[in-house]
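Visitor: Below are the structure tokens for one structure; questions will follow.
The values are calculated or read from the model by the stated rules, or taken from the named source; none is laboratory data. Every value quoted in this text rests on a predicted model; they were computed, and no experiment measured them. Note that each Cβ is placed from the backbone with ideal geometry, even for glycine, and that neighbours are counted across all protein chains shown. Note: accessible area is taken over every heavy atom of the protein model, side chains too, but ligands, DNA and RNA are not part of it. Shrake-Rupley method; radii C 1.70, N 1.55, O 1.52, S 1.80 Å.
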Number of protein chains: 2
Amino acid sequence: MNVGVLLFDNFETLDVFGPVEVFGILKEYYQISFYSQHGGIVKNTHGVAIESWPLSNIIESVDIFLIPGGFRTRKEIDNRSLIDSIKQISETSKYVLTVCTGSALLARTGLLDNRVATSNKRSFDWVISNGENVKWNRKARWTVDGKYYTSSGVSAGIDMAFGFLNDIHGQEFAKKAAFKIEYNWQEDKDFDNFCVQ
Amino acid sequence: MNVGVLLFDNFETLDVFGPVEVFGILKEYYQISFYSQHGGIVKNTHGVAIESWPLSNIIESVDIFLIPGGFRTRKEIDNRSLIDSIKQISETSKYVLTVCTGSALLARTGLLDNRVATSNKRSFDWVISNGENVKWNRKARWTVDGKYYTSSGVSAGIDMAFGFLNDIHGQEFAKKAAFKIEYNWQEDKDFDNFCVQ
């Protein structure tokens, strides 16, 4: 499967590279490419400067579209052209995975309406203001609704990526992959240590 | 503190970006820069292409020198010029942190001789062949010996980075940082789920 990763300035480092590591070790199954609205080098405040292709290079769809979060999402939700691209690619891709505040960007497209989704705990109130018709679930490590996977903050994206492997390839496969990178996978998507209500 | 991250082709994605996320969220304390032997774009098999400075730009030392692993380490251990640079920078830096097979590169410099260190479990026998005088500890999430921190495979680098924060800033500070990125920190460096002997 082709994994297309969306980047924008000030994306959150681990939102991207957690799931990228998980899919990356399975080269016989997953091929990863990085995209941004206009292509070129994308930078964040952690000193990362990474090459990307223009989103328009995704002619129709990718198998898996990964949307990370980061503080910049607060600006990008008003970037109509980017939201339109996210909508078009998400509609036609097989699966859409969001990490952290990435679910706010997806919510803005309307595609999460009447679907269950979650997000970063510290930005939750802001996130839900971007999708009034989404069935937001505050207490979840990640959620699955049809082809849409959404995870809680930052590190939760890694658990969700293994959860995705579990759904596609089975539990043994996912556990083996987690063992390979010595990751203590939190397997229960409904268990959430970080929801303080 | 300045954090200098060593890159080389086919570095392991999460070895680098796990600790980078941990230090990255603490911008008031840590500034991160990426280096490679000759500078420029460094690529790995997960599709990542990252900008880097030449190692020679580190005039003397950095406060924290981070050495990741990856399959390429098997080649780089014979890269005398790189090993010499790693030695010179490690000797003069305040702290040296290795992730996964990064400890093989550091072992090659001789600086780990008579010190406790660990590494990736699946490559352990190969790693220890690169440092016969190192006190290798197979069963550890990470080790600390003086200014040298070494972690087990891939994901263990994140736990080690929080362990480093714990040692520098105290436990409450480290726990707060882990909570911020919704990370289930495994606090005990001597607990190791992945050592099968």
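Visitor: Give the distance, in whole Å, between the Cα centre of region B:146-180 and the Cα centre of region B:30-55.
Guide: Region B:146-180 and region B:30-55 have Cα centres separated by 23 Å.
Visitor: How crowded by other chains is B:182-189, given as the mean number of beta carbons from other chains within 10 Å of each beta carbon?
Guide: 5
Visitor: A further question on this structure: Please compare each pair in A:94/B:121; B:121/B:147; A:27/B:121; A:87/B:27; A:147/B:189 to a cut-off of 30 Å on the Cα-Cα distance and tell me which ones are over it.
Guide: The pairs that break the limit, which is 30 Å between Cα atoms, are A:94/B:121; A:87/B:27; A:147/B:189.
Visitor: Could you derive backbone 3J(HN,Hα) for region A:107-120 from the dihedral phi with the Karplus parameters 6.51, -1.76 and 1.60 (θ = phi - 60°), listing whole Hz in sequence and x where the residue is Gly or Pro?
Guide: So the J values, rounded to whole Hz, are 4, 4, 6, x, 5, 8, 4, 6, 10, 7, 8, 9, 6, 3.
Visitor: How much accessible surface area, in Å² rounded to 10, belongs to the heavy atoms of residue B:128 with a 1.4 Å probe?
Guide: Looks like 50 Å² after rounding.
Visitor: Grab the residue from chain A whose Cβ hugs the A-to-B rotation axis most tightly, plus its distance in whole angstrom.
Guide: A:17, 2
Visitor: To continue, here is another question. Give me the net charge for the shell around residue A:49: Cβ to Cβ below 9 angstrom, other residues only, Lys and Arg +1, Asp and Glu -1.
Guide: Cβ neighbours under 9 Å give a net charge of -1.
Visitor: Would you check the accessible area of residue B:169, probe 1.4 Å, heavy atoms only, in square angstrom rounded to 10?
Guide: Surface open to solvent at residue B:169 totals about 60 Å².
Visitor: Treating the Cα atoms of region B:139-183 as identical point scatterers in vacuum, please give the log10 of the normalised Debye intensity I(q)/I(0) at q = 0.19, 0.20 Å⁻¹, two decimals.
Guide: Rounded to two decimals, the profile gives -0.57, -0.62.
Visitor: For region B:1-156, what's the relative contact order in percent, using C-alpha pairs closer than 8 Å and at least 6 residues apart?
Guide: Relative contact order comes out at 21 percent.
Visitor: With 20 Å bins from zero, work out the P(r) of the protein assembly as shown over every alpha carbon pair and list the percent per bin.
Guide: Using 20 Å bins, I get a P(r) of 30, 58, 12, 0 for the protein assembly as shown.
Visitor: Right, here's the next one. Taking every DSSP beta bridge with both residues inside the protein assembly as shown, roughly what % is antiparallel (nearest 5)?
Guide: Bridges in the protein assembly as shown that DSSP calls antiparallel: roughly 30 percent.
Visitor: Also, quick follow-up: How far, in nm to one decimal, is residue A:81 from itself in the other copies if the label point is set 7 angstrom along Cα toward Cβ? Shortest first, please.
Guide: Label point to label point, same position, other copies: 4.3 nm.
Visitor: Which distances in nm, rounded to one decimal and ordered from shortest, link the label point of residue A:190 to the equivalent label points in the other identical copies, with labels set 7 Å from Cα toward Cβ?
Guide: Relative to the other copies, residue A:190 has label-point distances of 3.8 nm.
Visitor: Right, something else. With viscosity set to 1.306 mPa s and temperature to 10 °C, compute the Stokes-Einstein D of region A:46-197, Rh being the Kirkwood radius across alpha carbon pairs; µm²/s, no decimals.
Guide: The calculation lands on 100 µm²/s.
Visitor: Could you list the GluC sites (Glu not before Pro) in region A:75-139 that lie in coil according to DSSP, counting only those with at most 14 other Cβ atoms within 10 Å of their Cβ?
Guide: Filter output for region A:75-139: A:132.
Visitor: Probe of 1.4 angstrom, ligands and nucleic acids ignored: what's the accessible area per residue over chain A, in square angstrom?
Guide: For chain A, the solvent-accessible area averages 39 Å² per residue.
Visitor: Just to confirm the numbers: residue B:132, label point 7 angstrom along the Cα-Cβ line, distances to the other copies in nm, shortest first?
Guide: The answer, with the shortest distance listed first, is 7.4 nm.
Visitor: Explain nothing, just the number: dipole magnitude of the protein assembly as shown about its Cα centre with +1 on each Lys and Arg Cβ and -1 on each Asp and Glu Cβ, in debye rounded to the nearest 20.
Guide: That gives a dipole near 100 debye.
Visitor: Testing the spin-label approximation: label points 7 Å from Cα along Cα→Cβ at residue A:138 and residue A:59. State their distance in nm.
Guide: Roughly 4.6 nm, to one decimal.
Visitor: How big is the dipole moment of chain B about its Cα centre under a simple scheme where the beta carbon of each Lys and Arg is +1, that of each Asp and Glu is -1, and everything else is neutral? Debye, nearest 20, please.
Guide: Roughly 280 debye for chain B.
Visitor: Could you look at the protein assembly as shown and say what percent of its accessible area is carbon and sulfur, using a 1.4 Å probe and all protein chains?
Guide: Accessible surface attributable to carbon and sulfur in the protein assembly as shown totals 45 percent.
Visitor: By DSSP, what percent of the beta bridges with both residues in region B:21-151 are antiparallel, rounded to the nearest 5?
Guide: Rounded to the nearest five, the antiparallel share is 40 percent.
Visitor: Now for a separate question. Please name which of A:29, A:142, A:10 has its Cα lying farthest along the dipole of chain A towards the positive end, using unit charges on Cβ (Lys, Arg +1; Asp, Glu -1) and the Cα centre as origin.
Guide: Ranked along the dipole, the leading option is A:10.
Visitor: Still on this model: To the nearest 100 Å², how much accessible surface do chains A and B cover up together, summed over both, with a 1.4 Å probe?
Guide: Its buried surface, counting both partners, is about 3500 Å².
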